[in-house]
Each structure stands twice: as C-alpha cells, then as structure tokens.
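A short write-up of the structure that comes next.
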Number of protein chains: 2
Amino acid sequence: MQKRMLAAMRPADLAAQPARWQQQKSARTRARLVDAAIDCLVEGGYPGLTTQQVAERTGVSRGAMHHHFPTRFDLVAAVIEHVFYQRMRLFLDDYLAGLAGAEESELVALATAAHWRSVQGREYAAYLELAVAARTNAELDGVFAPAARRYDEVWISEMIESFPYWRERWETMKRAHDFVIAAHMGILLQRPVVGEERTAQMTDLIAHFAQSLYAIP
Amino acid sequence: MQKRMLAAMRPADLAAQPARWQQQKSARTRARLVDAAIDCLVEGGYPGLTTQQVAERTGVSRGAMHHHFPTRFDLVAAVIEHVFYQRMRLFLDDYLAGLAGAEESELVALATAAHWRSVQGREYAAYLELAVAARTNAELDGVFAPAARRYDEVWISEMIESFPYWRERWETMKRAHDFVIAAHMGILLQRPVVGEERTAQMTDLIAHFAQSLYAIP
DNA sequence: CATAAAACAGGCAGTAATGCTGGTTTTATT
DNA sequence: AATAAAACCAGCATTACTGCCTGTTTTATG
C-alpha cells in the first residue's frame, strides 16, 4: 500500500523540496499556471484552455508564461502529466483512508465507491476533456495516449498490490477494473440527461456487478 | 415496431417530399450543410466545427450559408436535431432488421449487440462531441439538454413497444437500458487506451450483465 | 561588488473565425 | 413577360488567440 509505482511518476510540478529558491519560485508559478489551466479546462473545455485565460487567472504576464511554457502545447503536456498523476493519487488517498479495519468482503464495494467519488472531482473533469479532445486532435493524442497507457499499467500494478487476496485471479480483477472505470465514465456523461435518481441506481448496479465478478469464481 | 414516436420527430432536414422545387433545393443544401458539419464534428471535435470548414466542404459560399443558417449556432442546433434522430433511427433499423425469427431469450443480446454497433457510427461520434461540449458550454447546453431529455423519453417509449414481453417489469428494463447506454459510452472512450482485446471483453461483460438483469426476476 | 543567468513584463504582427452587407442569379407568381 | 422572392456569392470589419520580440527586475556566482 505504499504507492511505490505512482510515487515514481510524480511530475516536476509537484517536486518535494527544491534546492534553490529560484527553482522553487519557478516551480511554484509553473504549478499555478498548470492549476489555472485545469480550471480553464473544467470551465471551458479544451477550446477554453487559452494562454490568455491562464495568464489572466494567475496574474502572470504572457511574457513570463512564455518563459515557463514556450508554446501553448507545452502547457497542455504539463497539464496532462499533472492530471493523470493527481487523478490516481486522489483516488488512492481516499480508498486507502477508508480501508482501516475493513472486512475482506467489503474491499470491492469500498474501491468502487471511492472511484465513483474520484470521478466527480475537477481533475477527472479535466481528464475527460483531454481524453475526448485527443480523439480528434492528433497532436494532443500524441502526448495523451502514451501517458494514458503508462498510467493504465501503473494503475494495474497498484491494484495488484492493493488486492493481494485475489492473487490467483488477476485476469478477473483487471476485467472488473476496466468495467468499473468505463461504466463510471459513461454514467458521469449521462448524468445530466437521466437525472440524479437514475444515476444513483446505475452506480448501485455497477457496484453490484463488480461484486458479482468476485463472488463467482 | 412502427417507430411511431420517433417518426413524429423527424427534423426538417429529412423531409420526405416537399411541395416546391425551390424548397426541395433549399432542403437539400441544408442537409448537405448539416452533413458536412457532422463530418467536421467527427474529425475535429466541437471546436473543429467552423463555418468556414463547412462552407469549404460543401462548396456552398459563406453568404449562401448565412441565408440558411444566419449564425453558427443555428447550424449547431440543426446538427443536434439531426444527430439525435439519426442515432436512434440507425439503431432501430439495425435492431429490427436482425429481429426476424429470433427467440424471445435472444432479444436482449440482439439489442445490446445492435447498440454497440450503433455506437461506432459517425452519428454517435458527433453526438459524443456535442454531449461533452455541452458540459462546458451553457449556450450549447441550452439546446442540447432539452433535446437529450426529449429523445430519452422517445427511446423509452420505443423500448416499451419493442419489448412487450417485459410489460410488467418496465423499471428493470429502464435500468438495463440506462446501464447499457452508459457502459457502451464509457467503453468507447476507453477503447484507445485499453486496446481491442480488453474492449471486446468489456462488451461481452456488458451483454452478460444486461442478460442477467432479465434472467433474474 | 560585478557579471551572468533566470524570472518577469508589455507589446506587436500574423492568422483565423465570426457576423454582416451589397450585389447577382435562379425560381415562382400573376 | 414582369415582378417579387428565394437562393446564392464575394468581400469587409471586428474580435480573439498564438507566437515572438525587446526590455526590466530579481537572484545566483566568482
């Protein structure tokens, strides 16, 4: 439960303790820029992520921004790293926090619930915008797809570490993992049209199906 | 199986037999413009749907385009109607075509398979782009959300008509319907990262779960 | 303390998209 | 055939975004 795989992928924006003050200051503004970019993404989608907006939100001049991120796409690439990392970290923090003194039979339900919570955060909203935009933007896909596959492997590694009870049934675990991730994404997108009641019914259904995958060998 | 509800919602673009030739010509160019707009949507996402691109693809001048669709958003609104209608029509055509001589127990599997096929068409790709863009675009959402809710009701009506066998279990049917739609959407978005093999496993899983909803009362 | 380098600021040209306007051709009406 | 209306065309002004460029301040180094 050490999140070893994930820890190795921490992006430069979230560095722990930089040596020089100047580097620290630089890292701080970079982080602020990336954070503002995520806000833009959440509020205006991928087309709403403009350098002007980011500069205006952070108070950083466009010139300074050009120093940290020469082109708009450099900023987008940094956002991608940040979003993948944070999305996974927030899920793991939530899941591991609620794990104390849990029965083995509850683990799947706890993980499913934690994932549904994680899906409602702004990091996931930004991730979704990027994922959809990458479908129709070759340049973006060139950075997004490799990152997605990288984190998919990390995610599986973490799951194997967190679910030692199903050591001999990793294939089943992977299928359940894929299923929950895809289903929650779809539910999130359908939520505005079906409303809260049917959304809740669907999440319950997903949890039930995920459980059934483990219950039946 | 008459698609009565759906037939009542056919957009003006797809009118059957207009009276005057001029109106027919007008409807034809309108349809061409909407069709080109869908191509833009599929290839470049919502930001790629520009009036210039549409005019260039169709060969229609921007001035003529302004005559049919005074503003860009008028075109988008027409696209929304078209996409909702076509997405549902293509699914129903496919499903009803494969229905001849089918066992009652196969219906759920047939419907699920037909829906997964429909999800891979360009109409659905356009729908997805609009759905995601509407999340961060209030003006777009103002047209998209009502249309989505309208077609959600039509969809349910058609399902009730197509599945008379579960007359007394409409709630179960609705839940299965919601589940398959959401799950397929999520699978489609996850497909580029998980690959074809895991995608196929997921669709099989969805079909199995949908079936189980009916099998167990 | 002097000098280099890093971080920051503001502004300018190029590009592309939108909405609109004046003018032209084609079709319908009487 | 004459007139009105619908469909079509080309171009202009505005807006907004990107990329880059020249300076200025702050921090590190010898």
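Before moving on, here are some points about what is shown:
- When each of A:Val119, A:Val180 is tested for being more than 10 Å from chain B (Cβ to nearest Cβ), open to solvent by less than 60 Å² (accessible area, probe 1.4 Å) and under 19 Å from A:Asp93 (Cα atoms), the lone residue that passes is A:Val119.
- Within segment B:56-80, being more than 23 Å from the chain's Cα centre (by Cα) and crowded, with 20+ Cβ neighbours inside 10 Å holds for one residue alone: B:Met65.
- Test: residue in segment A:104-113 that is away from DNA strand D (no atom under 12 Å from the Cβ), of a type in the set (Asp, Glu) and more than 19 Å from the chain's Cα centre (by Cα): yes
- Residues of segment B:91-115 satisfying the condition of being open to solvent by 40 Å² or more (accessible area, probe 1.4 Å) and touching a residue at least 12 places away in the same chain (Cβ under 8 Å): B:Asp94, B:Leu96, B:Gly98, B:Glu104, B:Ala109, B:Leu110, B:Ala113
- Segment A:148-174 residues that are in contact (Cβ under 8 Å) with a residue 40 or more places away in the chain, paired with ones that are among the polar types (S, T, N, Q) (beta carbon under 7 Å, 6 or more apart): A:Trp166/A:Thr172
- The set of residues from segment B:1-31 being over 30 Å from B:Leu99 (Cα atoms), surrounded by fewer than 17 Cβ atoms within 10 Å (Cβ to Cβ), among the basic types (Lys, Arg) and at pLDDT 65 or above comprises B:Lys25, B:Arg28.
- Scan segment A:56-77 for residues that are touching a residue at least 12 places away in the same chain (Cβ under 8 Å), closer than 19 Å to A:Glu43 by Cα and within 14 Å of DNA strand C (Cβ to nearest atom) and the total you get is 4.
- Flag if B:Ala125 is within 19 Å of B:Val180 (Cα to Cα), in a helix (DSSP H, G or I) and either open to solvent by less than 50 Å² (accessible area, probe 1.4 Å) or out of contact with any helix residue (DSSP H, G or I) (no Cβ under 6 Å at 6 or more places or on another chain) (or both): yes
- Residue satisfying all of: in segment B:183-202; surrounded by fewer than 21 Cβ atoms within 10 Å (Cβ to Cβ) and polar (S, T, N, Q); nearest to A:Tyr124 (Cα to Cα) among these: B:Thr199
- Taking helices (runs of 4 or more DSSP H) as the structural unit, those lying wholly within segment A:48-121 and holding at least 1 residues that are of a type in the set (Phe, Trp, Tyr) and out of contact with any helix residue (DSSP H, G or I) (no Cβ under 6 Å at 6 or more places or on another chain) correspond to A:72-97.
- The residues of segment B:141-176 that are facing another protein chain (nearest Cβ under 10 Å) and open to solvent by less than 20 Å² (accessible area, probe 1.4 Å), listed by number, are B:Phe144, B:Ala145, B:Ala147, B:Ala148, B:Tyr151, B:Ala176.
- Sub-8 Å Cβ pairs linking a first residue in segment B:41-52 that is more than 14 Å from B:Ala133 (Cα to Cα) to a second residue that is open to solvent by less than 50 Å² (accessible area, probe 1.4 Å) and assigned to a helix (DSSP H, G or I), at least 6 apart or interchain, are B:Thr50/B:Cys40; B:Thr51/B:Met65; B:Thr51/B:Leu75, ordered by first then second residue.
- Tally, over segment A:32-55, of residues that are more than 14 Å from chain B (Cβ to nearest Cβ), near DNA strand D (Cβ under 9 Å from one of its atoms) and open to solvent by 20 Å² or more (accessible area, probe 1.4 Å): 2
The values are calculated or read from the model by the stated rules, or taken from the named source; none is laboratory data. These figures come from a predicted structure and were not determined experimentally. Cβ coordinates were reconstructed from backbone atoms using ideal geometry, including for glycine residues, and neighbour counts include every protein chain displayed. Please note that ligands, DNA and RNA were not included when accessible areas were found on the heavy atoms of the full protein model with its side chains. Shrake-Rupley method; radii C 1.70, N 1.55, O 1.52, S 1.80 Å.
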